[in-house]
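S.K.: Before I ask anything, here is the structure I am working with.
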Ligand code: GDP
Ligand code: MN
């Protein structure tokens, strides 16, 4: 689960990570109030207005309706509501949102931290994630902050510092110092960076995160180290024990069909193809998607109905798949291991009758316990449903249905 930048920064701050201070707002007037409070608390007289969406690249992204960027500077209090109005309610398109963009419902009004001083402000990159291959957490850092890190990784892999941390041992002091040293820091900035990395790692572990990305981490002109941006991805499997964090979920940022599927206990991912599929088990679902491709189609979705497929889950699955206008045929591929095929077949027929007129052909492939009886139920239902027992047979029927 992802959370917004303003929420991520609050999380980091609660673990003692220094952040660029800010206050969230959902109207231009609210943004002005936020700026006044910030001015009182930090003394800042310049402000940064930042669109809150679950996607990066906001600084370079454009708001369709106004032409504003997704991150803008306001150099006076009066300018804050004007700049906020250019972002709020608009559709922000960045390299990460896709062409349709994302609606902006909130902005973060933050203090300007790039103020002039003894040295130039400098941007760094820092992330912590799980390295599954090594069974460790890994800290990745770079002096090339503020840039597209994938590009740095590709063109200058030597500029990415990696430090693996054994989760059983935790981050050791020397490791935090090593990263700060390799970033070329010295003096107070070095000490600040060590503190920053240590607190950040504690936040990562304490929140059961799967990914932290702080880009940029800023060294201010007076040698403070702080988080200007924060992307936090939490481990969904740990949310049961992270109740406060689970509350931060923003459904407006998720695909509506995926949210609806989740409510019915279905594992659904929307794709761009023309053949809807409904399968029990993730592995079989992947194989089914491959098979759809081999038959000349493109999967319209991934949908795992889980082990206990019945008329209710099948009906929920149909309803979700049918909301996608690109779907030209539906393939149901179920292995009757725990559930018997005749029960599934009856479930399909029942769900079909409840929904009424389904405008696309349905191919049902049942294999396993009572497969033949299942096929008979499908074929004798009198509905626009055909049965298949082998994968090849199913593939040919899908091909015929879409061509
Ligand atoms: P992203 O584009 O979605 O990754 O958003 P970021 O939070 O990383 O902000 C984008 C850029 O805005 C940063 O790389 C900075 O260059 C700029 N920025 C952020 N905060 C400040 C600030 O306080 N002052 C100034 N002048 N620029 C800022
Ligand atoms: Mn960023």
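S.K.: Starting from the Cα-Cα distance between residue 244 and residue 10, subtract it from 0.36 nm times their residue separation and give me the gain in nm to one decimal.
M.R.: Separation in residues times 0.36 nm, less the Cα-Cα distance, equals 83.0 nm.
S.K.: Taking the beta-carbon count within 10 Å as an exposure proxy, list 65, 100, 373 from fewest neighbours to most.
M.R.: Exposure proxy ranking, most exposed first: 100, 65, 373.
S.K.: Give me the one-decimal nm value for the distance between modelled label points at residue 60 and residue 358, 7 Å along each residue's Cα-to-Cβ direction.
M.R.: Inter-label distance under the simple model: 4.5 nm.
S.K.: Once label points are set 7 Å from the Cα along Cα→Cβ at both residue 384 and residue 169, what is their separation, rounded to one decimal in nm?
M.R.: If labels sit at residue 384 and residue 169, their model points lie 6.4 nm apart.
S.K.: Need one number: nm distance between label points at residue 267 and residue 112, each 7 Å from Cα along Cα→Cβ, rounded to one decimal.
M.R.: 5.0 nm
S.K.: If you take the square roots of the eigenvalues of the alpha-carbon gyration tensor of the stretch 286-403 and sort them as a ≥ b ≥ c, do you get rounded (a/c under 1.5), prolate (a/b over b/c) or oblate?
M.R.: The shape class here is rounded.
S.K.: Quick one: check the C-alpha center-to-center distance for the stretch 333-397 versus the stretch 84-144, whole angstrom.
M.R.: Cα centroid to Cα centroid, the span is 48 Å.
S.K.: Per DSSP H run of n ≥ 4, the term is -39500 (n - 2.57); total these for the chain, divide by its residue number, and report the mean residue ellipticity at 222 nm rounded to 500 deg cm²/dmol.
M.R.: Numbers: 13 runs with 142 residues, N = 403.
After summing the helix terms and dividing by the residues of the chain, the value is -10500 deg cm²/dmol.
S.K.: Same structure, new question: In whole Å, what three semi-axes, largest first, describe the equivalent ellipsoid of the stretch 24-72 built from its Cα gyration tensor (square root of 5 times each eigenvalue)?
M.R.: 22, 12, 10
S.K.: Right, next: Can you give me the Kirkwood hydrodynamic radius for the chain, using every pair of distinct Cα atoms, in Å to one decimal?
M.R.: Working: mean 1/r = 0.0415 Å⁻¹.
Taking every pair of different Cα atoms in the chain, averaging 1/r and inverting gives 24.1 Å.
S.K.: For each of 249, 241, 365, count neighbouring Cβ atoms within 10 Å of the residue's Cβ, then give the residues from fewest to most.
M.R.: 241, 249, 365
S.K.: Any idea what the relative contact order of the stretch 27-95 is, in percent, if you count C-alpha pairs under 8 Å spaced at least 6 apart?
M.R.: Rounded, it is 40 percent for the stretch 27-95.
S.K.: Okay, moving on. Across 10 Å bins from the origin, how do the percents of Cα pairs in the stretch 21-111 run, short distances first?
M.R.: Spelled out per bin, shortest first, that is 21, 52, 23, 4.
S.K.: How would 169, 80, 339, 360 line up from fewest to most surrounding beta-carbon atoms within 10 angstrom?
M.R.: 169, 360, 339, 80
S.K.: Also, I was wondering about something else. Set the Förster radius R0 to 30 Å, insert the Cβ-Cβ distance between residue 77 and residue 103 as r into 1/(1 + (r/R0)^6), and round the FRET efficiency to 0.05. Can you show the working numbers first?
M.R.: Values: r = 27 Å, r/R0 = 0.89.
E(calc), rounded to 0.05, equals 0.65.
S.K.: Compute the FRET efficiency between residue 143 and residue 188 as 1/(1 + (r/R0)^6), taking r as their Cβ-Cβ distance and R0 = 22 Å, and round to the nearest 0.05.
M.R.: It comes to 0.80.
S.K.: Here's another thing I want to ask about it. Size of the stretch 122-246 along its principal axes in angstrom, Cα-based, largest extent first?
M.R.: Projected onto its principal axes, the Cα set of the stretch 122-246 covers 41, 31, 26 Å.
FYI, it's all coordinate maths here, none of it is from the lab. The model shown is predicted, which means the values in this text are computed figures rather than measured ones. Cβ coordinates were reconstructed from backbone atoms using ideal geometry, including for glycine residues, and neighbour counts include every protein chain displayed.
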